[in-house]
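To start, the structure under review is shown below, and the notes come after it.
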Amino acid sequence: MIMKLIGIDLDGTLLNSNQEISRNNVEALKKVPEDSMVFICSGRETTDIMNILSEYKLKIPSIGLNGALGYDGKRKLFDFFFDNETVVSVAKVLSGMPIKVYTDKESYETDGYYQHLIDLFDEVGSEYGVEELNYELNYEKTINSISFKNIDELINIGLKVYKFFVFIPNAEIKANLVELLNEVEGVSVTESSAVNIEIVPENVSKGEVFGLLESIYNLENVTRIAIGDSLNDVTLFEESDYSFAMANSHEEIKKIATHHTASNDEDGVATVLEEIIHL
């Protein structure tokens, strides 16, 4: 029997513009046949993913932080984190920027993070519409983070650091930071929009999750399927046999996808799940 392993992004894909999973998408996920295994793969924290799924009584493996941490219910599947030296090096490159740090205990943010987003956009964000800022501000309201002043505070607690996130509404500044980050050993740099950078440990990516799950669950004769919309889904698409780009996807994602589907506000995921029965 051929097993279909289906990786689904969350924001902009499974979640609609109201940050909800539509009834049609929920019903489609609950009807996935026995020859298919679905997992959610997102840049969000794993606990955040699981909380969202639990609202809809969905029991699905949750892979968070772009593939750095995975859970199936209460069972930890894997985790990949930075060593302390790399944490310090990344924080040094990002110094002066509004930074989120995701760990095994809590998420943390630089002191005055929310206001810093607004001030930074006012200072260097003229090339982007204010909707980019508003989206980020609204998203941040859904995340409870602890403020910190210096990265040593987190290191001294003994935390595992899985991911850094930085909001940068300026293409030139962003390009310069990416160049500097690429010189730091042990990191992988991606993005989920034009105004951010996401930094995870080297060799961590959404695409790597397919192989990890195949090994953990002893899956054989696997057909890999990806559904997504943003640039941090690139590796998920590259490692899949079939990839479905949402109608609201980034243009680069649309270019590399093998198939296109409806938008996240038009039950695109449900449409794909119905289609792939015939693959």
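The table for this structure:
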item: Every residue from region 166-196 that is closer than 27 Å to G112 by Cβ, without any contact (Cβ under 8 Å) to a residue 12 or more places away in the chain and of a type in the set (D, E); result: E172, E179
item: Criterion violated by D79 - all others in (1) more than 15 Å from the chain's Cα centre (by Cα); (2) more than 25 Å from N16 (Cβ to Cβ); (3) modelled with pLDDT of 95 or more satisfied; result: (1)
item: When residues of region 260-279 are limited to those that are open to solvent by less than 70 Å² (accessible area, probe 1.4 Å), touching a helix residue (DSSP H, G or I) at 6+ places or on another chain (Cβ under 8 Å) and outside any loop (DSSP other than H, G, I, E, B), the one nearest to L5 (Cα to Cα); result: L273
item: Selected residue (only one of H278, H259 is modelled with pLDDT under 95 and within 26 Å of V26 (Cα to Cα)); result: H278
item: Cβ-Cβ under 9 Å pairs, at least 6 apart or on other chains, region 77-88 side without any contact (Cβ under 8 Å) to a residue 60 or more places away in the chain and at positive phi, far side of a type in the set (D, E, K, R) and part of a loop (DSSP other than H, G, I, E, B); result: none
item: Qualifying residue in region 238-248 (condition: in contact (Cβ under 8 Å) with a residue 60 or more places away in the chain, part of a strand (DSSP E or B) and surrounded by 22 or more Cβ atoms within 10 Å (Cβ to Cβ)); result: no
item: Tally of residues being among the polar types (S, T, N, Q), surrounded by fewer than 20 Cβ atoms within 10 Å (Cβ to Cβ) and more than 18 Å from the chain's Cα centre (by Cα) across region 19-50; result: 2
item: Residue in region 53-73 that is under 24 Å from S145 (Cβ atoms), open to solvent by 20 Å² or more (accessible area, probe 1.4 Å), at pLDDT 95 or above and out of contact with any helix residue (DSSP H, G or I) (no Cβ under 7 Å at 6 or more places or on another chain) present; result: yes
item: Only one of Y139, Y114, Y128 that is buried (at least 16 other Cβ atoms within 10 Å of the Cβ) and hydroxyl-bearing (S, T, Y); result: Y128
item: Long-range neighbours under 8 Å by Cβ, at least six apart or interchain, first residue on the phi < 0 side of the Ramachandran plot and part of a helix (DSSP H, G or I) within region 105-130, second surrounded by fewer than 13 Cβ atoms within 10 Å (Cβ to Cβ) and of a type outside the set (S, T, N, Q); result: F121/V130
item: Output for region 197-227, where each listed residue is touching a residue at least 24 places away in the same chain (Cβ under 8 Å), assigned to a loop (DSSP other than H, G, I, E, B) and either under 30 Å from V178 (Cβ atoms) or within 15 Å of the chain's Cα centre (by Cα) (or both); result: N203, V204, S205, K206, G207
item: Residue ID - surrounded by the fewest Cβ atoms within 10 Å (Cβ to Cβ), chosen from residues in region 153-162 that are assigned to a helix (DSSP H, G or I) and in contact (Cβ under 8 Å) with a residue 12 or more places away in the chain; result: I157
item: Any hit, region 185-193, residues being outside any strand (DSSP E or B), loosely packed, with under 14 Cβ neighbours inside 10 Å and modelled with pLDDT of 95 or more; result: yes
item: Count - residues of region 1-18 that are open to solvent by 20 Å² or more (accessible area, probe 1.4 Å), small (G, A, S) and either touching a helix residue (DSSP H, G or I) at 6+ places or on another chain (Cβ under 6 Å) or closer than 29 Å to N218 by Cβ (or both); result: 0
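The values are calculated or read from the model by the stated rules, or taken from the named source; none is laboratory data. All of these numbers come straight from a predicted model, not from anything done at the bench. Using ideal geometry, Cβ is built from the backbone for each residue, glycine included, and neighbour counts are taken over all protein chains shown. Protein only, heavy atoms only, side chains kept; ligands, DNA and RNA dropped before computing areas. Shrake-Rupley method; radii C 1.70, N 1.55, O 1.52, S 1.80 Å.
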